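Below you'll find the structure, written out as structure tokens, and then a few comments.
The values are calculated or read from the model by the stated rules, or taken from the named source; none is laboratory data. Predicted model, so just to flag it, every value in this text is computed and none were measured. Backbone-built Cβ (ideal geometry, glycine too); neighbour counts: all protein chains shown. Accessible surface areas use protein heavy atoms only, side chains included; no ligands, DNA or RNA. Shrake-Rupley method; radii C 1.70, N 1.55, O 1.52, S 1.80 Å.
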Amino acid sequence: MTQLDGIVKPKTRRSKRFLESRAPKLIEDVKNTMIMKGGNASQTVTTALKDIILLCVISRKNITRPFEDSTSLEFFSKKSDCSLFLFGSHNKKRPHNFIFGRMFDFHVLDMFELGIEKFISLSQIKTSKFPEGTKPMLIFAGEVFDTDNEYKRLKSLLIDFFRGPTVPAVRLAGLEHVLHFTALEGKIYMRSYRCLLKKSGCRTPRIELEEIGPSFDFVMRRTHLASDDLYKLAHRQPKALKPKKKKNISHDVFGTSFGRVHMQKQDLSKLKTRKMKGLRKRKGEVVNEDQVPKVAKVES
């Protein structure tokens, strides 16, 4: 491939296919996740990274500090075509450390540093697990997820990280995995449950949740948020994907469609109706003026 004035021109068919796969698309591909382990990582961080891999991928061991220098992260992101990353490390100042982040145009958009205060692995909870590749249901509890700007961004990042591929439909029996995030008193509690469908005596089954792990108690440490303009640019959609607005059609909160039809003014006198005997005009009797009885005037 040759580069001229910032434009990369392929020389072979293989390089042409590669550039076409990396080119912008109306419907983007599924986001890939890059999971990296720092040069110093505790056993807790290593086990936690393995459990995260089972929940959601490329795993690397690299000595880097994302908050100080994100050049290596951006290089690996572009090389492996990954827009999400998870970096695990451990040191005396910040023990048992996780850094969740995402890219935009192969540059760091958001990063959140979460410290692990308590961790229970998958192997420590002796219960049956869900099948690999199951799409999870995400639940967020806590007022700060809707009011605080940092927690709003963190919620958006966690949704991108754990939601999995986009599917057109999901069967009821496939809703087996639940990820629950709770924000309370400056901490974030992550719990993983298996959804059990029990008999309820009616058509709708009774639902029970069984904890299967992993279980995390996070504390927020450092954050790196993109500016509002860059964040808005990252969420911009092409015009071809935006639904076209239809005139005179509205929807209520339940999704019901209402249409308004405009008609010309009608002359109801020319309106043809069904002829019935009860609606026919009857001929009235003609009364002569001579036959009308005269009323005598009374003078006082």
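At-a-glance table
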{"item": "Carbon plus sulfur fraction of accessible area for the stretch 102-165, probe 1.4 Å, in percent", "result": "52"}
{"item": "Percentage, to the nearest whole number, of Cα pairs in the stretch 122-270 over 22 Å apart", "result": "64"}
{"item": "DSSP-loop chymotrypsin sites (Phe, Trp or Tyr not before Pro) across the stretch 84-158, with at most 15 other Cβ within 10 angstrom", "result": "none"}
{"item": "The stretch 192-270: chymotrypsin sites (Phe, Trp or Tyr not before Pro) in DSSP loop, at most 13 other beta carbons within 10 Å", "result": "Phe254"}
{"item": "Those trypsin sites (Lys or Arg not before Pro) in the stretch 177-250 that DSSP places in a loop and that have at most 13 other beta carbons within 10 Å", "result": "Lys199, Arg203, Arg236, Lys244, Lys245, Lys246, Lys247"}
{"item": "Hull-based mean projected area of the stretch 116-156, where the convex hull spans the alpha carbons, in square nanometres", "result": "4.6"}
